[in-house]
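**Q** Just dropping this structure here.
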């Protein structure tokens, strides 16, 4: 579907071009330095342009200004990343990062892996943005540092800390609105002597708009720190959530919409970390994490094997050493050990897909250890080279060695940044993909592998108040696992390819208004079958424009236009309707301590489906307040 309705085009064009006409003349100012620092690309604090990688950062300011609540809301801001949900709060979300599969994007919290479910997915749909300082999304193969599951990239959720605060900060917020929505949040952070803390508690309730589409979500996140000595710091990260989510099923097709069908999920994690600045040039870090994910599906259709209890547990240990050999050269080395266990107990009567009735049909464990080495060097002023090598050994798979090489150059006379990257990656089959009880194929012992390339250019302008960037990427994937209808078996195809272009433009002429837009062109194809990979739109256009008529009022408008995609499987694969989603936001600072806000989602009431058969939410209006003291 290449047509673009005229009305939609005019709305989107107004958002994308609105900043072309300044509200008032601005006096020229000295250019601000380009100093955005990221962690994910190199596992060390590095200026973004030096990493040679494509990274998007969503900071706390954007989270609050755009009133983002759950992780998928934030990830929709990232070029090259597509979220496909089933239309109701808490429903399973797919992540397609540069066209790769959902289980090929690694999700970590402060660098610690999040336990995955049996499908190899992370329950991002119930991960709140409480206690989050920023989100870094690394696009492109990252296995040379992060191992398997990083074929498409890495989503790193970086949490807030109270370290260095002169006085404690406490916030209380509430939001309510359409579909019976109510969200409460209480947070505090600060420091006292050698101790610091950051704690947030929240509750999300919504009834949804379809029968049995309700969600109740409780969340608690905390980080405690102790500065044991000038060079020695201890952190303890604690997380917990539980969610009760209704599962309405497809609007048409398999299964009835039973009002009692629902899924209970629970996640908890405890993770201590010790950071020792051994010398001015040498820092050592030791991290441990014990994380558990549990799920109980109840009141599903008898005999389908869907009334079950699933458990996924994760033990993770990592040692990392960062040595600054010279002012221009940093060497990072590390080792990690990850032990994963997973099981499923069916609590159901014997039936077509569960002939044994009550029993464990999945009960497995696997171990992965790895060594990695990375070099970052500025060999000439403005010219950076980075390279990494990692070896992974698995208890259930063959060993894998991956590597990455990248280069970036910032021209001193124009500040133009050129960057290029090449990396290899692999992704072991998820438990769901290789367990026969889950329609998988036990023969999937050969991991999915890829070779990824990217070349890009970034040009600041108007005294660094604006940035224009363009990046071409390509992933050649072998052994890709695909679904065959109606219930499998899954197949590994010989070759797949994802290739495209990411363009972004941002401009903030003053502190009164600003603008950003992104465009992604993607070709994602099963080269063996000669078909497109589903749920990957060929064109994705988005834009945000904001204005501050007064110093206390901020108004924002955002649009996302998804064009030319396919869904369904086998002979049922077909085109799916394009859609335009527009949201409006307003934030007003009543006083230094009180802010009120409101927003409208899906302004035009578009009737679209991100996943075929599952209608998206209609127009919704929400409002609330945030109190700081």
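The values are calculated or read from the model by the stated rules, or taken from the named source; none is laboratory data. Given the structure is predicted, the values throughout are model-derived calculations rather than measurements. Glycine gets a Cβ as well: all are built from the backbone with ideal geometry, and neighbour counts include every protein chain shown.
**Q** Might you let me know whether segment 473-482 holds any residue that is in contact with a strand residue (DSSP E or B) (Cβ under 9 Å, 6 or more places away or on another chain) and over 29 Å from residue 395 (Cβ atoms)?
**A** Taking segment 473-482 as the starting set, the residues that turn out to be in contact with a strand residue (DSSP E or B) (Cβ under 9 Å, 6 or more places away or on another chain) are 473-482.
Pick out the ones that are also over 29 Å from residue 395 (Cβ atoms) and you get 473-474.
Yes: segment 473-482 contains one or more residues that are in contact with a strand residue (DSSP E or B) (Cβ under 9 Å, 6 or more places away or on another chain) and over 29 Å from residue 395 (Cβ atoms).
**Q** Which residues, counting only those in segment 129-138, are part of a strand (DSSP E or B) and crowded, with 23+ Cβ neighbours inside 10 Å?
**A** Answer for segment 129-138, where residues must be part of a strand (DSSP E or B) and crowded, with 23+ Cβ neighbours inside 10 Å: 135, 137, 138.
**Q** Is it the case that segment 550-557 has a residue that's part of a strand (DSSP E or B), free of Cβ contacts under 8 Å to residues at least 12 places away in the same chain, closer than 30 Å to residue 590 by Cβ and out of contact with any helix residue (DSSP H, G or I) (no Cβ under 8 Å at 6 or more places or on another chain)?
**A** Checked against the condition, which is being part of a strand (DSSP E or B), free of Cβ contacts under 8 Å to residues at least 12 places away in the same chain, closer than 30 Å to residue 590 by Cβ and out of contact with any helix residue (DSSP H, G or I) (no Cβ under 8 Å at 6 or more places or on another chain), segment 550-557 yields at least one hit.
**Q** Between 208, 164, which is part of a loop (DSSP other than H, G, I, E, B), touching a residue at least 24 places away in the same chain (Cβ under 8 Å) and in contact with a helix residue (DSSP H, G or I) (Cβ under 8 Å, 6 or more places away or on another chain)?
**A** One residue alone meets the criteria, 208.
**Q** Being out of contact with any helix residue (DSSP H, G or I) (no Cβ under 9 Å at 6 or more places or on another chain) and at pLDDT below 95 is the requirement here; does residue 568 meet it?
**A** Details: out of contact with any helix residue (DSSP H, G or I) (no Cβ under 9 Å at 6 or more places or on another chain): yes; at pLDDT below 95: yes.
Judged against the criteria, residue 568 is a match.
**Q** Kindly provide the set of residues from segment 576-608 that are more than 26 Å from the chain's Cα centre (by Cα) and assigned to a strand (DSSP E or B), ordered by number.
**A** Within segment 576-608, 588, 589, 594, 595, 596 meet the criteria.
**Q** Next question. Quick one: in segment 86-109, of everything that is in a helix (DSSP H, G or I) and in contact (Cβ under 8 Å) with a residue 60 or more places away in the chain, which residue is surrounded by the fewest Cβ atoms within 10 Å (Cβ to Cβ)?
**A** Looking at residues that are in a helix (DSSP H, G or I) and in contact (Cβ under 8 Å) with a residue 60 or more places away in the chain, I get 103.
**Q** Quick test for you: out of 587, 581, pick the one residue that is buried (at least 19 other Cβ atoms within 10 Å of the Cβ) and touching a helix residue (DSSP H, G or I) at 6+ places or on another chain (Cβ under 8 Å).
**A** Of 587, 581, the one residue that is buried (at least 19 other Cβ atoms within 10 Å of the Cβ) and touching a helix residue (DSSP H, G or I) at 6+ places or on another chain (Cβ under 8 Å) is 587.
**Q** Can you confirm whether segment 332-351 contains a residue that is surrounded by 19 or more Cβ atoms within 10 Å (Cβ to Cβ), at pLDDT 95 or above and closer than 25 Å to residue 472 by Cβ?
**A** Checking segment 332-351: not a single residue is surrounded by 19 or more Cβ atoms within 10 Å (Cβ to Cβ), at pLDDT 95 or above and closer than 25 Å to residue 472 by Cβ.
**Q** I've got another one for you. Please enumerate the residues belonging to segment 412-434 that are at negative phi, touching a strand residue (DSSP E or B) at 6+ places or on another chain (Cβ under 8 Å) and not in a strand (DSSP E or B). Talk me through it step by step, then tell me what you get.
**A** Narrowing segment 412-434 to residues at negative phi: 412-414, 416-434.
Filter again for touching a strand residue (DSSP E or B) at 6+ places or on another chain (Cβ under 8 Å), leaving 414, 416-429, 431, 433.
Listed by number, the residues that qualify are 414, 416, 428, 429, 431, 433.
**Q** Can you name the number of the only condition in (1) more than 21 Å from the chain's Cα centre (by Cα); (2) closer than 22 Å to residue 440 by Cα that residue 513 fails?
**A** (2)
**Q** A further question on this structure: Output yes when any residue across segment 363-373 is modelled with pLDDT under 95, touching a strand residue (DSSP E or B) at 6+ places or on another chain (Cβ under 8 Å) and not in a strand (DSSP E or B), and no when none is.
**A** Among the residues of segment 363-373, not one is modelled with pLDDT under 95, touching a strand residue (DSSP E or B) at 6+ places or on another chain (Cβ under 8 Å) and not in a strand (DSSP E or B), which makes the answer no.
**Q** Let me ask another. In segment 446-485, how many are part of a loop (DSSP other than H, G, I, E, B) and closer than 18 Å to residue 533 by Cβ? I'd like the intermediate steps shown before the answer.
**A** Going through segment 446-485, the residues part of a loop (DSSP other than H, G, I, E, B) turn out to be 446-447, 462-465, 483-485.
Imposing the further condition that a residue be closer than 18 Å to residue 533 by Cβ reduces the set to 483-485.
The qualifying residues number 3.
**Q** Would you be able to say whether some residue in segment 482-495 is under 23 Å from residue 139 (Cα atoms) and modelled with pLDDT under 95?
**A** Yes.
**Q** Any idea how many residues of segment 387-413 are over 24 Å from the mean Cα position of the chain (by Cα), touching a residue at least 12 places away in the same chain (Cβ under 8 Å) and under 29 Å from residue 463 (Cβ atoms)?
**A** 6
**Q** Further question on the same structure: Test residue 442 against the stated conditions and say whether it is outside any strand (DSSP E or B) and free of Cβ contacts under 8 Å to residues at least 24 places away in the same chain.
**A** Against the criterion (outside any strand (DSSP E or B) and free of Cβ contacts under 8 Å to residues at least 24 places away in the same chain), residue 442 qualifies.
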